[in-house]
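First the structure, in the form of structure tokens, and then the observations on it.
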Amino acid sequence: MSTFDVSTRQEDEQFADNRAPRHRSSRIWLGVFAASTIVCILALSALMYNVINGAFGLAAIEDSLDRATLAVDGVSIEEQSADQLQAVLREHVRPAMVRRLETERPFAERSREQLLGVVLETVVQPRAERTWPLDDSLLRRRAIEAEHAADFPGTRLEFVSWLSPSFVSRPQSGVAENAGVRTALLGSLWTIAITVLFAFPFGLGAAVYLEEYADHRRRINRVIQTNINNLAGVPSIIYGMLGLAIFVRAFEPFTSGAFMSAGDATTANGRTILSAGLTLALLVLPLIIINSQEAIRAVPSSLRQASFGLGATRWQTIWNHVLPAALPGILTGTILSISRAIGETAPLVVIGASTAIFVDPSGPFSKFTTLPIQVYQWTSRPQDEFRNIAAAAILVLLILLLTLNATAVVLRNRFSVRY
Amino acid sequence: MAVSIAAQMVTRRVDAPAAEDLALEMRGVNIYYGDFRAVADVTLPIARHEITALIGPSGCGKSTVLRAFNRMNDLIPTARLDGQVLYHGHNIYAPDVDAVEVRRRIGMVFQKPNPFPKSIRDNVAWGARINGYKGSLDELVEASLRQAALWDEVKDKLGDSGLSLSGGQQQRLCIARTIAVRPEIILMDEPCSALDPIATLKIEELMQQLKSLYTIVIVTHNMQQAARASDFTAFFNMGEARYGYLVEYGPTNDLFTNPKDPRTEDYITGRFG
Amino acid sequence: MSVIMASPEDAQAAPLAIGAALRRRWRPAEAAIEVGMFAAATVSIMTTVGIVYVLSREALLFFVDDRVSLIEFFGTTQWQPSIGFFGIWPLVSATFMTTAIAMLVALPLGLSVAIYLSEYASARMRGLLKPLLEVLAGVPTVVYGYFALTFMTPILRSIFGADVVEIYNTASAGIVIGILVIPLVASMSEDALHAVPNSLRQAAVGLGATKLETSVKVVVPAALSGIAAAFIVAISRAMGETMVVAIAAGARPHLTANPFVAAETMTGHIVRISGGDLSYATIDYESIFAIGLVLFVLTLGLNVISGRIVARFREVYE
């Protein structure tokens, strides 16, 4: 720093020469602030790394039923024809199970590969004794091989992708190696469909009312607005308890489907997809309202005035001018709310997601499980392999959310109206 | 140095202050925002303990030139300057110069009063405190408020928020705040344009009192204000390529009664601007 | 519709026709739509009424039961319903503990990120970092729970020793909740900082202040109410967080000051009890509503305070 030595001013002695420490402290704190940002980036990276690490890796696999015993005339099970595989199935699998498989899809219609898959899953039943994370599997392979040879004789060391196409298409199962997320995925989709069906019209209607019709000097409207803002901050588990008491218990005749004679009469209760969807609808309603309000508010008043000036009614103005202009914002807000709802776990656990459900949901009155609930249940189990499939399920969930949010961005750009 | 400046100035005006009487001096300064040249080739002296007014039609770069004197343009990422701005013979745009110190010595009062949302006392004391003032802050606050002709009006309510004052009082508070860091030069960017005529008059009277202690450079679009309140005037105009340039500089009386450049005369007589 | 030109005869009849034409028309469709919209808006009121009613009713049933009293609920420190102990403090203290740890993480980091984004970062940096924060905010909480159990706990165990840190503990849950809440603190604080008018920054710089002095001594104090509101909302959010504690903090109500042991929070307890087989009209069922009522009152109180702070100091600079 150059000094101004042409100083003729006595006042200069009145100021301490503190510029160097001030500049130094300025630089240090800039470092602190930047470092905080880096910590956030690191946290997100650690999260992704951790999940991916769990979803792929080496495993010590043992067949419950040794494959070799299934060989026919020296032909190993992998080489056998479709007919031979069918014979194996009928011989080794319980009749009830065979019936179930046949109802799902007759053996005659399945390809050889599919039959082989079924045989492996139901007859051979490979089990993982121990699994290792991805980074170890790639970097410490030797050490793992040694450990495998020492502690897990009788098993073979295989690289397993817990996240695989079959993982997505297989139904839920009590056995980790056989489990898939199909049941949960369908449950999530059904639930969300119901949520949007109820929350979107009510949310949009409320937003239109508050922005276009309501006189904010009147007390009732201020109360409604404050109320919505407060509801947005209520913990999601409280919504679960509300849903439990109202939809599951009080409205049981409706939500269980009994009044429509849908659903199995013996086990009918209110813990259905309908209850779940309605509960989530209440949860996201404040979010949709607030987002839509902002979108509607952003439409310039000049547009409305032009419409009124031509003699249009209020509803005509809203329907023909305001809503189309606000549409991108409304859509984005709705999709963000859907993302939030898909990830919600606590309220649905309180309502009573099924812990043992293996059948795909068939309608709003089915018992349900959702993707995040599967993750919760699998994470809570102590065995290694359940962690692995939990990680795989997390990846499916994240991919679903990513797709949804990307769609939101695309829709927003596509529907942007220039006004 | 004195000879060359005088020589440069002969082409355009009369009676420039002598070199040793200069507080600031701009030499051949061009200011760019990105690729756009906003101000072209300005050479301008600022006399010590005098009031220099920068006048001209709107958009001709007067504020940009003013803000170049205390490196406020640095806050705009695309702004750059070539040429020299000399403070006591030192170019304040030299790479090793600390802009923070420049701004303590060359203070600024803005167009719209912008006191901090702190008490009146804290408003005045803040700048001095962070610059490490070693004396008594209370005495400094009183002295600055007195110099800014605000002490009598606020002496009983130093703890009140600075925002509780009227517009004219807020502007004088901003002046007091600037004075408290003991600058040599005070730059004023249209300080009265947001004020009513009575408040404006008070500020103009204040400027005359402050002149004996500080050097003042004021941008104003109000010609009458420049004519009655300043000692030297610089008239800027806008060129065809939309850059601002200095047309004429001289003692105010001379410039207004006997302008050398026809463009100056046109502006003063109101034919444009 | 053909254009009808007015003829001179029409002009005679015009005044009466105009009067009639101008008379206010009853538009039933418009009225119905407005009523419909209003009805939609009242759903939100019904939700609040529902929440208050449901929580209060079951909580009342809970307190009316002979086995429980208000004094015991708020006065004793053991929660073991199976043997008749209903003191809420273990659950509340675990909630406070995870929240406190979360705030230790989230408040400094969130505010620093906000200051960086608002005062220092270039437009390009901001364009990279804000989506990043949105991604962090969009990750479902159950994923954070998995992260707490499978990543954070092992790290804590390796730092502090496996005999000091239990597998289920409130520290790793608290830290992960803190990470989860950072985007909330950062975005609300950044909005508050952004709203401070530029003229204040220029005034500070004009007095010879460094960037740090401008940011920390002028801008942050001016935005203080918004930042305080952000902090309070963050606390409320952390208190209501369920899945992270359900997965990582443990299933044992336990009054302790040790963050390295298992302790069940209010939300974790509700989820655990209702996840199992729960018959209606049992004391267990009613107890979760009593806990829920306490949680609701706490979080609602915090949110209301936060809203008041923002509203009161909104126009402080102009």
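The values are calculated or read from the model by the stated rules, or taken from the named source; none is laboratory data. Just so it is clear, the structure is predicted and the values come from calculations on it, not from any experiment. With ideal geometry, Cβ positions are generated from the backbone for all residues, glycine too; neighbour counts draw on all protein chains shown.
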If I ask for residues that are under 16 Å from C:GLY145 (Cα atoms) and touching a Leu at 6+ places or on another chain (Cβ under 8 Å), which ones from segment A:392-419 would you list? A:ALA392, A:ALA393, A:LEU395, A:LEU397
Within segment A:108-165, helices (runs of 4 or more DSSP H) holding 3 or more residues that are under 29 Å from the mean Cα position of the chain (by Cα) and at pLDDT below 85: A:112-119
Can you tell me which residues in segment A:8-37 are modelled with pLDDT under 75, more than 8 Å from chain B (Cβ to nearest Cβ) and either assigned to a loop (DSSP other than H, G, I, E, B) or under 22 Å from C:TYR120 (Cβ atoms) (or both)? A:THR8
Of the conditions (1) assigned to a helix (DSSP H, G or I); (2) assigned by TED's automatic domain parsing to the domain that holds C:THR299; (3) surrounded by fewer than 21 Cβ atoms within 10 Å (Cβ to Cβ); (4) of a type in the set (Val, Ile, Thr), C:THR42 fails just one. Which one is it? (2)
So which helices (runs of 4 or more DSSP H) are wholly in segment C:172-260 and hold at least 2 residues that are within 24 Å of the chain's Cα centre (by Cα) and either acidic (Asp, Glu) or within 14 Å of chain A (Cβ to nearest Cβ) (or both)? C:224-240, C:243-248
Restricting attention to segment C:131-165, report how many residues are away from chain A (no Cβ under 11 Å) and either in contact with a helix residue (DSSP H, G or I) (Cβ under 7 Å, 6 or more places away or on another chain) or under 16 Å from A:TYR376 (Cα atoms) (or both). 3
The condition of being at the interface with another protein chain (Cβ under 8 Å from one of its Cβ atoms) and touching a strand residue (DSSP E or B) at 6+ places or on another chain (Cβ under 6 Å) holds, among B:GLY107, B:GLY56, only for B:GLY107
Which ones in segment C:274-302 are under 25 Å from the mean Cα position of the chain (by Cα) and either in the same structural domain as C:SER56 (by TED's automatic domain parsing) or over 20 Å from C:SER56 (Cα atoms) (or both)? C:GLY275
Set B:ILE198, B:ILE179, B:ILE175: member being within 14 Å of chain A (Cβ to nearest Cβ), in contact (Cβ under 8 Å) with a residue 24 or more places away in the chain and assigned to a helix (DSSP H, G or I): B:ILE179
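Here is a yes/no grid of residues against (1) of a type outside the set (A, V, I, L, M); (2) closer than 21 Å to B:TYR214 by Cα; (3) out of contact with any strand residue (DSSP E or B) (no Cβ under 8 Å at 6 or more places or on another chain); (4) at pLDDT 90 or above:
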site	(1), (2), (3), (4)
B:SER63	yes, yes, no, yes
B:ALA68	no, yes, no, yes
B:ILE130	no, no, yes, no
B:SER144	yes, yes, yes, yes
From the list B:ARG48, B:ARG80, pick out the single residue that is surrounded by fewer than 20 Cβ atoms within 10 Å (Cβ to Cβ), more than 27 Å from B:GLU204 (Cα to Cα) and of a type in the set (Lys, Arg). B:ARG80
Criterion (within 23 Å of C:LYS217 (Cβ to Cβ), within 14 Å of chain A (Cβ to nearest Cβ) and buried (at least 21 other Cβ atoms within 10 Å of the Cβ)) met by exactly one of B:ALA148, B:ALA128, B:ALA143: B:ALA128
Filtering segment A:213-238 down to residues that are facing another protein chain (nearest Cβ under 8 Å) and farther than 23 Å from C:ILE305 by Cα, which residue is surrounded by the most Cβ atoms within 10 Å (Cβ to Cβ)? A:ALA214
Residues of segment C:65-105 satisfying the condition of being of a type in the set (S, T, N, Q), touching a helix residue (DSSP H, G or I) at 6+ places or on another chain (Cβ under 8 Å) and farther than 15 Å from C:ALA257 by Cα: C:SER69, C:THR76
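Yes/no per residue for (1) more than 23 Å from the chain's Cα centre (by Cα); (2) assigned to a helix (DSSP H, G or I); (3) not assigned by TED's automatic domain parsing to the domain that holds A:GLU385:
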site: A:ILE194; (1), (2), (3): no, yes, no
site: A:PHE202; (1), (2), (3): yes, yes, no
site: A:ALA206; (1), (2), (3): yes, yes, no
site: A:THR226; (1), (2), (3): yes, yes, no
site: A:VAL234; (1), (2), (3): no, no, no
Looking for whichever is of a type outside the set (S, T, N, Q), on the phi < 0 side of the Ramachandran plot and either at pLDDT 90 or above or surrounded by 14 or more Cβ atoms within 10 Å (Cβ to Cβ) (or both) here; the options are C:PRO15, C:PRO90. Which one fits? C:PRO90
